[in-house]
Amino acid sequence: MKESLKELLNQRMLYCLPPWTHHKETLTELLKAHPSIQFVSLIGVDLGGNDTDEKIPIDLFINEMDRFFKVGVQTDGSSVALHGIATLNNAKVDLVPDASVNWFVDYNYEHICSTCGLPVGTLRIPAFLVHNAKKVDSRSILNRAVQNFSLQLQSILKEYPHIRKDLGIQEEETVEEVILTSATELEFWVKTPEEYADEEKLSTSQMLKEQYWKRTKGSVRTALEESILLLEKYGMQPEIGHKEVGGVSAKIGVNGNLNHVMEQLEIVWKYSTSIQAADNELFIREIIEETFKRHGLEVTFRAKPIEGVAGSGKHIHVGVAIQLSSGKYINIFTPKDRTMEYMSILGWGALYGILRNYEVVNPFITATNDAFNRLKPGFEAPICTVSAIGHRADMPSRNRTVLIGLIRDINNPNATRFEVRSSNPSTNTYLAIAAIYQTMMDGLLAAVKSGLTSNALEKEFSKKQGEEKFYLETNRVYRSEEDVFEYYTEEERNSMFGIPPATVWENIQHFDQEPGKTEILCAGEVFSRPIIASYKLGTMVQWLTELSGRIIPDNIALVRSLVKIHKEETSTDIDVVHWEKVNDLRIYLMKDTLNKKSLFTRMRQAIDAREYDTVSDLQLEMNEKITVLKHLYIEYRRNLFEEGDHFIH
């Protein structure tokens, strides 16, 4: 329900300022009535998904509000990830406020205003990054994708009478608005500082399902409850918060507080328009992180913080509806007969488009080393480009092993949507949704022009490998209602669904390997070649920098920590054999000789030489060897009386 200005003025603390308040007179009155709001920050999101933050005194903002709305704040390209766009000799970038979305007040609960006794607040204003008079940021790309999709859909509904009939639109009804809705959800790990994971205990707990949807306790419970209540105050409409599959039970220390906390949680909130949904998620992450920190708990949004245990996903839900002149609201994916058909013609086309062109969507979804660590069989993380729509049209079902699921509710025609399950907390939501909508429109146009009915499109979608169809690729299979990890061998999966990329390099190359699909992203000037090149370069820099500056040093530290701990007087021959296997692998990974370079050294040399294929291959070998090393050391340690102080973490 929309709040009035009087209601906002009477609130002790302001949390959300909706678009109707974004006018000079209204803002001035609200801000002066709430003196604890002492700063303003313009939030631009660069192509790397990083958001800007600065502290502008509120009095300066009020006095120069006209200038802020018109030209925003100037910065330089060195402060944002716009590789190849904002260069050293052309670095000026402007942050221009976006008045069309909600603005939030971020409160610092550790800094109390001396005059009113409330936490000091910063008004966070989402903004666009402008370079050479062009918007070049993640938010503006999604904004253009929304506009392009809306215009294209309205054109389709004017030109193709059979689509209007399929959706049940009467001749006299016109489209008033196209509504693109999205939603994300966050999984995350929480732990007490300086605690490390015992992979054996975590893996066992996961297999026994000891944590999933169990009761939260102590400081974890308090922080989770506070987070949900804060989301309500900000108008995010939280729907559920619960334990996820990962974690072990915490212990109570001598002071009565929980220690050894190592748990995985999930928070879900209501959908919104696409740009607002992405903005909401960005702010919600900060709410969660800060709230748990106040209770002495660390939060990580890494996709795979602990090897061998469930990673954290961030499923992206996308839907499309239209508002008609008659007042009717129609979900364009929902068929007229929900018991006999899965989707409308437009729904089938949208699904076709994402799957057929996923090679150029995936680089925006899986863009980090950590994200690829999550995408492994056995942990409910989808790696196959395939979808499931349900076993029967009148009985919606879920298949958690596929890339994209069709979400339906027979009793609720507005619920029909797609769930993209491959995304993770590091996914740039703005760019991912933009790419999804661009590829959806490509398939949607193909389905419309084909003239096929919904039932005929279902048959096309259920094609076997080798069958030639009007849009879907001949050698691919796009539908499976089976558990794709249990029902098919790896060889069968790779043959039917395509070989999934295993590294950042393999994934980012798809922009060059699939030029026709890359052009789909640029339709309607949503993306552009310079923007894609900038994103590719930034992703590559991050990939190589993480490898050389974090991953290799971390693995070196691990190798050094796995030392000999058995004593001669208590050891057996098998202890010696186990240790020799461990030590041989340690040497292969880390020790150079006059005649042979270690794996780590060869990786560094390949990185310095920019030999990307070699780096990618060596990274895969390193990951496999490190996993084997950990398992060998666990096996070695199991047979020893001596426990030592060495842990896998």
Checklist line | segment 142-527: projected area of the alpha-carbon convex hull, averaged over directions, in nm² | finding: 19.4 nm²
Note to self: Can you compute the FRET efficiency between residue 584 and residue 240 using 1/(1 + (r/R0)^6), with r the Cβ-Cβ distance and R0 = 56 Å? Round to the nearest 0.05.
What the structure shows: 0.70
Note to self: Only helices at least 30 Å long along their own axis, judged from Cα atoms, and with Kyte-Doolittle mean hydropathy of -0.5 or greater: name those in the chain from DSSP H.
What the structure shows: 138-159, 274-294, 429-450
Next item on the list: Please report the relative contact order for the chain, taking Cα pairs under 8 Å with a sequence separation of at least 6, and give it as a percent rounded to a whole number.
Entry: 13 percent
Notebook entry, point to check: Which value in deg cm²/dmol, rounded to the nearest 500, describes the helix-derived mean residue ellipticity at 222 nm for the chain, given -39,500 (n - 2.57) per DSSP H run of n ≥ 4 and division by the residue count?
Noted result: -12500 deg cm²/dmol
Next item on the list: Give me the distance between the Cα centres of segment 554-605 and segment 399-459, rounded to whole Å.
Entry: 48 Å
Next item on the list: Would you tally the net charge around residue 498, using a Cβ to Cβ cut-off of less than 15 Å, leaving residue 498 out, and scoring K and R as +1, D and E as -1?
Entry: -1
Next item on the list: Please report how far the C-alpha centroid of segment 465-519 lies from that of segment 74-153, rounded to the nearest whole angstrom.
Entry: 36 Å
Check: Going by a ≥ b ≥ c, the root eigenvalues of the Cα gyration tensor, does segment 5-134 fall in the rounded group (a/c under 1.5), the prolate group (a/b larger than b/c) or the oblate group?
Finding: prolate
Item checked: When each of 581/630; 55/92; 314/336 is checked by Cα-Cα distance, pairs over 23 Å -> 314/336
Next item on the list: Only residues of segment 9-39 count here: report those whose backbone N is under 14 Å from the spot 7 Å along Cα→Cβ of residue 273, or say none.
Entry: 18-22
Notebook entry, point to check: Residues with beta-carbon under 13 Å from that of residue 136, excluding residue 136: net charge, scoring Lys, Arg +1 and Asp, Glu -1?
Noted result: +2
Next item on the list: Show me 90-99, 466-475, 419-428 ranked by packing, highest mean number of other Cβ atoms within 10 Å first.
Entry: 419-428, 90-99, 466-475
Item checked: Net charge of Cβ neighbours under 11 Å - reference residue 626; Lys, Arg +1; Asp, Glu -1 -> -1
Notebook entry, point to check: Dipole magnitude of the chain about its Cα centre, charges +1 at Lys/Arg Cβ and -1 at Asp/Glu Cβ only, in debye to the nearest 20?
Noted result: 500 debye
Next item on the list: Answer rounded, prolate or oblate for segment 110-176, using the Cα gyration tensor with square roots of eigenvalues a ≥ b ≥ c: rounded when a/c is under 1.5, else prolate when a/b is larger than b/c, else oblate.
Entry: oblate
Next item on the list: Would you mind classifying the chain by shape? Square roots of the alpha carbon gyration tensor eigenvalues, ordered a ≥ b ≥ c; an a/c under 1.5 is rounded, otherwise it is prolate if a/b is larger than b/c and oblate if not.
Entry: oblate
Check: Among 222-234, 131-143, how do they line up from the highest to the lowest mean number of other beta-carbon atoms within 10 Å?
Finding: 131-143, 222-234
Next item on the list: Provide the FRET efficiency to the nearest 0.05 for the residue 487-residue 523 pair, computing r from the beta carbons and using R0 = 35 Å.
Entry: 0.45
Check: How do the peptides 357-365, 174-182, 509-517 rank, highest first, by the average count of neighbouring beta carbon atoms within 10 Å per residue?
Finding: 357-365, 174-182, 509-517
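We did not get these values from a lab; they are worked out from the coordinates using the rules stated. Please read these numbers as outputs of a predicted model, since none were measured by experiment. With ideal geometry, Cβ positions are generated from the backbone for all residues, glycine too; neighbour counts draw on all protein chains shown.
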